[in-house]
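Below: one structure, written as structure tokens.
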Amino acid sequence: MRPVILALALALVAPDFSTSKTYVYKYEALLLGGLPNEGLARAGVKIVSKVLISGIAQNTYLLQLSNPEILQYSGNWPKDQFTPAQKLTEALSAQLRTPIKFEYTNGVRCSPSLWDCRSQRLQRFPLLLYHYH
């Protein structure tokens, strides 16, 4: 999931990062299962967060999520609403906030370093969704 966040965040950012600035973006990801027809049952999650990108050296940056919130969906699409998944948010919050250090040169991202993100919880994220209803 973290490489997806990094790729999406960088797709929105202009190639010239300043090491003296922190760039703040709104990030929202939606993962739904089920048929996409209106009125049919669907289940899924939405992750809402701010993404902070800061320069730490020339061509080296840090990407970090701020205030991540996970919402769950279970119902008829699109009538029902997403509801907060407190237990899942609490269980994954520290890991979702783990910074990613990466290099960015001439519009090309390279050498991402995922600090402490190889936990079993994030590797098994889809399975956890069923345990925290």
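The values are calculated or read from the model by the stated rules, or taken from the named source; none is laboratory data. Small disclaimer: the values here were computed from a predicted structure and weren't measured. We place every Cβ from the backbone using ideal geometry, glycine too, and count neighbours over all the protein chains shown.
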Residues within segment 35-81 that are of a type in the set (Gly, Ala, Ser), at pLDDT 90 or above and either surrounded by fewer than 17 Cβ atoms within 10 Å (Cβ to Cβ) or assigned to a loop (DSSP other than H, G, I, E, B) (or both), tallied: 6
Complete set of residues in segment 82-109 that are more than 13 Å from Leu63 (Cα to Cα), at pLDDT below 85, of a type outside the set (A, V, I, L, M) and part of a strand (DSSP E or B): Thr105
Residue check for Ser20: more than 15 Å from the chain's Cα centre (by Cα) and at pLDDT 90 or above: no
Pairs with Cβ under 8 Å, 6+ apart, first in segment 20-32 and more than 16 Å from Gln58 (Cβ to Cβ), second exposed (fewer than 11 other Cβ atoms within 10 Å of the Cβ) and among the basic types (Lys, Arg): none
